[in-house]
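Below is one structure; the comments refer to it alone.
None of the figures in this text is laboratory data; all of them are computed from the coordinates on show. What you see is a predicted model; the values in this text were computed from it and never measured. Ideal geometry is used to build each Cβ from the backbone, glycine not excepted, and the neighbour counts take in all protein chains shown.
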Amino acid sequence: MGIEIRNKLARRAAEEINHGMVVNLGIGMPSLVPNHLPKNITVMFHAENGITGMGPSPIKGEEDEYLCNAGGLPVTLNTGGSYCDSAAAFAMIRKGRVDITILGSLEVSEKGDLANWIVPGKKVPGMGGAMELAQKAKKVIVLMNHCDKHGNAKIVKECTLPLTSSRCVNLIITELGVFEVTSQGLVLTELFPPYDMNKVMKYTGCDFLVSDELRRITY
Amino acid sequence: MKNRFEKMTTLENVLKFFHDGMTLMFGGFGGVGSPPTIINGILEKGIKNLTLIGNDTGFPHIGIGQLVSQERAAKVIASHIGSNPFAGQMMHEGRLEVEFSPQGILAERIRAGGVGLPGVLSDIGIDNEIVKKGKNIIQLNGKEYLVETALTAEVSIVYAKKADEYGNLIYDKSARNTNPLVAMAGNITIAEAEEIVPLGSLDPEEIVTPGVFVDYVIPSKGVNWKWAWE
């Protein structure tokens, strides 16, 4: 996925974030989200390694080896930010103080099951903080390619990969469109140009409903 | 500087606590906040067959990752090994036992070990076959919880920004991470400090780890690896 499309998805995810929220971002595409927030809101970005109020990457040459995000990359601290130990960082998650987590995934089921931590026999990196974030963040937003690199659907009826957490995803944003996970199943609420319904149906591995007010995103 | 509590010592003097087959708990997250001088001492002493307990296995050349990539570990209890390909490779070859714990639950297991509790109750991964495998399940207030057992270790090693003569510690920004928890959970806790200061130099309101939990303090020679982003 090119950077232009990745930025579109990040911009759409940024629409979910309001002033004052505590937000945890996964690595990769989710890290683009802060670039698309309006300037007049303050958001506390949370990192599992113990930062609340994380700011953007420092300029080259000003990196601090002891101020890094959970992925090990140098970051900065915004005004009002703070440090804590790992137990407190996860207390915020489990206690329900993290409003939104935005993460990538290998598969998502129509029920909102998330599978993003293991490919048996291939890649077994460990769950890190993904299970707690998926299970306990108030809102779980998945930002991912609609299909895997072989062209297989990643939005499926039942996940084939081991689950990170069941029934936890609220919103799925891909380059084709946006789905809400509801008690009735998936609802397609938005389409990204130039894609149409036929394309979404073709590349989605389960049935879904279509919102009466289907939005066609213009950016 | 005085040494009234006999905690301030040298790397050479603490190396006697490290032996083959021991359990070793380490502070740090992706190598940030892992004590470089102690890890280098363990490497040079040739210690092997370790059970390592900590957040992750760092990178192959960074932090505790060096012990893993130089095949000094028999078992790892961690939440993530993805940034150290050697760990995954050895796990697949059956040469490294890996016990995964969700990151915050691992932190709580370490904390439990450090606060004298036998374990914690958790609903993280309660419906996940891999997480709940082999764990007791307890009913409480009509809900099911996993019993997550406490973790302690023969020796805990941590990295601090400053330590005083008594072993009171403060940390450096996100290098704090698991260090305050790990510091409490060791039967013997050794802190490596960037700076060692006289008693009374640290603001009592700012001390993160009370020296009660710290047995020895050694001076750090600083990080001897290149960070992944450099």
Mean residue ellipticity (222 nm) of chain B, computed from DSSP H runs ≥ 4 via -39,500 (n - 2.57), nearest 500: -5500 deg cm²/dmol
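Roughly how many debye, to the nearest 20, is the charge dipole of chain B about its Cα centre, given +1 on each Lys and Arg Cβ, -1 on each Asp and Glu Cβ, and no other charges?
Value, rounded to 20: 240 debye.
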field: Eligible aspartates and glutamates near A:LYS122 by straight Cα distance, threshold 14 Å, same-chain separation 8 or greater
entry: B:GLU93
message: On a straight-distance basis, which aspartates and glutamates could pair with A:LYS39 in a cross-link, Cα separation under 19 angstrom, same-chain partners fewer than 8 positions away excluded?
response: A:GLU15, A:GLU16
message: Place a point 7 Å from the Cα of A:THR42 along the Cα-to-Cβ direction; which residues of the stretch A:1-28 have their backbone N under 17 Å from it?
response: A:18-23
query: Assuming R0 = 41 Å, what is the FRET efficiency of A:ILE27 and B:VAL212, from their Cβ-Cβ distance, to the nearest 0.05?
result: 0.65
field: Relative frequency of Cα-Cα separations exceeding 21 Å in chain B, percent
entry: 54
message: Give me, ordered by chain and number, the residues 5 or more places off A:VAL210 or on other chains with an amide H under 5 Å from its own placed amide H.
response: A:LEU188
- line: Listed by chain and number, the aspartates and glutamates with an alpha carbon less than 20 angstrom from that of B:LYS16, same-chain partners under 8 positions apart left out, are B:GLU6, B:GLU44, B:GLU154, B:GLU192, B:ASP215
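If I stretch the segment between B:GLN139 and B:VAL115 completely, what's the gain in nm (0.36 nm per residue apart, minus their alpha carbon distance), one decimal?
6.3 nm
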statement: Counting sequence-distant residues (5 or more places) and residues on other chains, those with an amide H built under 5 Å from that of B:ILE188 are B:VAL155, B:SER156
message: Using amide H atoms built in the peptide plane, which far-off residues or other-chain residues are under 5 Å from B:ILE77 H to H?
response: B:LEU52, B:ILE53, B:GLY54, B:GLU99
field: Max mean-square fluctuation residue, GNM over chain A, Cα-Cα springs under 10 Å, options A:GLU107, A:GLU48, A:GLU132
entry: A:GLU132
- line: Rounded to the nearest 5, the percent of DSSP beta bridges in the stretch A:3-216 running antiparallel is 50
Orientation-averaged projected area, Cα convex hull of the protein assembly as shown (nm²): 22.7
- line: Two pseudo-spin positions, 7 Å from Cα along C-beta at A:ILE59 and at A:ASN198, lie apart in nanometres by 5.2
- prompt: So what is log10(I(q)/I(0)) for the stretch A:1-121 at q = 0.11, 0.21 1/Å, when the Debye sum runs over its Cα atoms only?
  reply: -0.40, -1.37
- request: Can you pull the one-decimal nm distance between simple spin-label points at B:MET22 and B:GLU205, each 7 Å off the Cα toward Cβ?
  value: 3.9
- prompt: Which ³J(HN,Hα) values, rounded to whole Hz and listed in residue order, are derived for the stretch B:23-39 from phi using the Karplus coefficients 6.51, -1.76 and 1.60 in 6.51 cos²θ - 1.76 cosθ + 1.60 with θ = phi - 60°, glycine and proline given as x?
  reply: 9, 10, 9, 10, x, x, 9, x, x, 6, x, 8, x, x, 6, 5, 4
field: Separation of the B:GLU129 and A:GLU4 label points, Cα + 7 Å toward Cβ, nm
entry: 4.4
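Between beta-carbons, use under 11 Å as the cut-off and find the net charge around A:LYS154, counting Lys and Arg +1, Asp and Glu -1.
Details: positive: A:LYS149; negative: A:GLU107, A:ASP148.
Around A:LYS154, the charge tally is -1.
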